[in-house]
1. How tilted is helix 38-48 with respect to the longest principal axis of the chain? Cα atoms for both, answer in degrees (0 to 90, nearest 10).
2. Just want the ordering: 100, 48, 54, from fewest to most Cβ atoms lying within 10 Å of their own Cβ.
3. Taking volume of the Cα convex hull per residue in Å³ straight from the coordinates, which label in (1) 172; (2) 78; (3) 98 is the correct one?
4. So how much slack lies between residue 52 and residue 108, counting 0.36 nm per residue of separation and subtracting their Cα-Cα distance, in nm?
5. Tell me the angle of helix 75-84 to the major Cα principal axis of the chain, expressed in degrees between 0 and 90 and rounded to the nearest ten.
6. Taking Cα atoms, how many degrees apart are the long axis of helix 10-21 and the longest axis of the chain, rounded to 10 and kept between 0 and 90?
7. Using 7 Å Cα-to-Cβ label points, what is the residue 21/residue 84 separation (nm, one decimal)?
């Protein structure tokens, strides 16, 4: 299982703490240090939709000018933005064997999923 995110994100910290508490093994992939590929973003987009991957409630999105925000109307535009500004990707994203298991942190979903 791989957890994708940014280590200084509070939501990611909550998810990692929860998984550690439950003694669930995982690898952590930090977008900031390791980046992310276009192919990976496309694969996730097919599973959960590009709209779900773009965190429109986060600081990175809010710091974008309105014109840039309005251009994000397709998977292609969203993926280009996520490649340029990895902090705009909703996190954490939990994947196992190429399948997205969870996006974000919701303890009720985690209890059912893990």
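1. Rounded to the nearest ten degrees, it is 70.
2. 48, 100, 54
3. (3)
4. Using 0.36 nm per residue and subtracting the Cα-Cα distance, I get 18.3 nm.
5. The angle comes out at about 70 degrees.
6. Approximately 20 degrees, to the nearest ten.
7. Modelled inter-label distance: 3.9 nm.
Each value in this text was obtained by applying a stated rule to the coordinates, not by laboratory testing. These figures come from a predicted structure and were not determined experimentally. Note that each Cβ is placed from the backbone with ideal geometry, even for glycine, and that neighbours are counted across all protein chains shown.
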